[in-house]
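Q: Let me give you the structure first, and then I'll get to my questions.
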2 protein chains.
Amino acid sequence: MKARIIVTLKNGVLDPQGKAIEAALKSLAIEGVEGVRQGKVFDIEVSAMDAATAEATLRTACDKLLANTVVENYAIEIL
Amino acid sequence: MKARIIVTLKNGVLDPQGKAIEAALKSLAIEGVEGVRQGKVFDIEVSAMDAATAEATLRTACDKLLANTVVENYAIEIL
């Protein structure tokens, strides 16, 4: 079973990497970009009986390793 | 206008970071994970007249800065 996990910074958490990308886009004369926030994506292959089991496994993976839940949100999508 | 860009490694490109995450999940006794590939996500706020213009801007941004199209694919989603 394939799944995609998207980890993003919570609102209000500073994102200097995003700011640097925004500045770089401006310096490349790419107009109209007003804000950038960077996150991570994990494409995961899980062996599980059903989607619920897979999601439970991935939730544990996020809480223990993939996301820092103090400053990051995560979203799990079973594909 | 809000948009999300997802940049992933092309098939066949080695992903040592993904392998490290996979090993770390195994060492945490999280069962059932058979493969991990890591990518990047960019949440971008664009000012554009319409979705087509926004997508053109973001395509330029991807080609010039956000993705290395030799080894990476990107997908643009206008939200």
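Q: Scan the strands (runs of 3 or more DSSP E) fully inside chain B and keep the ones with 1 or more residues being within 25 Å of A:Lys26 (Cβ to Cβ) and of a type in the set (Phe, Trp, Tyr).
A: B:33-46, B:72-78
Q: Between residues in the stretch A:52-66 that are facing chain B (nearest Cβ under 7 Å) and residues that are assigned to a helix (DSSP H, G or I) and open to solvent by less than 70 Å² (accessible area, probe 1.4 Å), which pairs lie under 6 Å by C-beta distance while being six or more apart or on different chains?
A: A:Ala61/B:Leu25; A:Leu65/B:Ala24
Q: A:Gly32: within 11 Å of chain B (Cβ to nearest Cβ) and at positive phi, yes or no?
A: Yes: the conditions hold for A:Gly32.
Residue-wise test of (1) open to solvent by 70 Å² or more (accessible area, probe 1.4 Å); (2) closer than 20 Å to B:Lys40 by Cβ.
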| site | (1), (2) |
| --- | --- |
| A:Ile6 | no, yes |
| A:Asn11 | yes, yes |
| A:Ile44 | no, yes |
| A:Asp50 | no, no |
| A:Thr57 | no, no |
| A:Ala61 | no, yes |
| A:Ala75 | no, yes |
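Q: Does the stretch A:5-15 include one or more residues that are of a type in the set (Val, Ile, Thr) and either within 15 Å of B:Gly32 (Cα to Cα) or within 7 Å of another protein chain (Cβ to nearest Cβ) (or both)?
A: Within the stretch A:5-15 (the criterion being of a type in the set (Val, Ile, Thr) and either within 15 Å of B:Gly32 (Cα to Cα) or within 7 Å of another protein chain (Cβ to nearest Cβ) (or both)), the answer is yes, since at least one residue qualifies.
The values are calculated or read from the model by the stated rules, or taken from the named source; none is laboratory data. Keep in mind that this is a model prediction, so the values were computed, not measured. Don't worry about glycine lacking a Cβ; one is built from the backbone with ideal geometry, like all the others, and counts go over all protein chains shown. The area values use the complete protein model at the heavy-atom level, side chains included, leaving out ligands, DNA and RNA. Shrake-Rupley method; radii C 1.70, N 1.55, O 1.52, S 1.80 Å.
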